1. Mind listing just one residue for me: the one in the range 29-46 that is within 15 Å of the chain's Cα centre (by Cα) and exposed (fewer than 13 other Cβ atoms within 10 Å of the Cβ) and, of those, farthest from Tyr82 (Cα to Cα)?
2. What residue, among those in the range 1-19 that are of a type in the set (D, E, K, R) and surrounded by 15 or more Cβ atoms within 10 Å (Cβ to Cβ), is modelled with the highest pLDDT?
3. Run Arg61 past the list (1) loosely packed, with under 13 Cβ neighbours inside 10 Å; (2) outside any helix (DSSP H, G or I) and report the number of the one that doesn't hold.
4. Residues of the range 45-68 being modelled with pLDDT under 95 and among the aromatic types (Phe, Trp, Tyr), which ones?
5. If Phe24 satisfies all but one of (1) at pLDDT 95 or above; (2) in contact with a helix residue (DSSP H, G or I) (Cβ under 6 Å, 6 or more places away or on another chain), what's the number of the condition it fails?
6. Considering only residues of the range 72-89 that are assigned to a strand (DSSP E or B) and over 9 Å from the mean Cα position of the chain (by Cα), which is surrounded by the fewest Cβ atoms within 10 Å (Cβ to Cβ)?
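The values are calculated or read from the model by the stated rules, or taken from the named source; none is laboratory data. All values derive from a computational prediction rather than experimental measurement. Note: ideal-geometry Cβ built from the backbone for every residue, glycine included; neighbour counts use all protein chains shown.
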Amino acid sequence: MRNEDFEYHVIIDPAVNDRMYEHFEFLARVSVPAAEKLLDSLVTDMNSLSIMPYRNPVYDRPYIERGKYRYMISADRYRIVYQITDNTVYVDDIQDCRQSDINSLLYQDYF
């Protein structure tokens, strides 16, 4: 369903919440305002997926089914990886783009 006026339901996996908190906690050791800005940006971008989630590119990795996931870049260096099923967007991973895929929650599911 690719209707621009349609609003999708966004569900964030608990592991993604945990990972966001880890990044927030790490950054807060250096700068609390920067950590708050990061968290606000990530949450805002994830919530924006309720409108037009197909606007972002397909996430293509050899260890996952082709076309299953899409991604968006948030806060300049974080990749939000999600899938769309019917009228729901499932946020399944958040990755620091500077790190290897071996840290991906999706990678852990396949190996």
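1. This residue is Asp40.
2. Asp13
3. Checking Arg61 against (1) loosely packed, with under 13 Cβ neighbours inside 10 Å; (2) outside any helix (DSSP H, G or I), the one that fails is (1).
4. Tyr59, Tyr63
5. For Phe24, the exception is condition (1).
6. Among them, the one singled out is Thr85.
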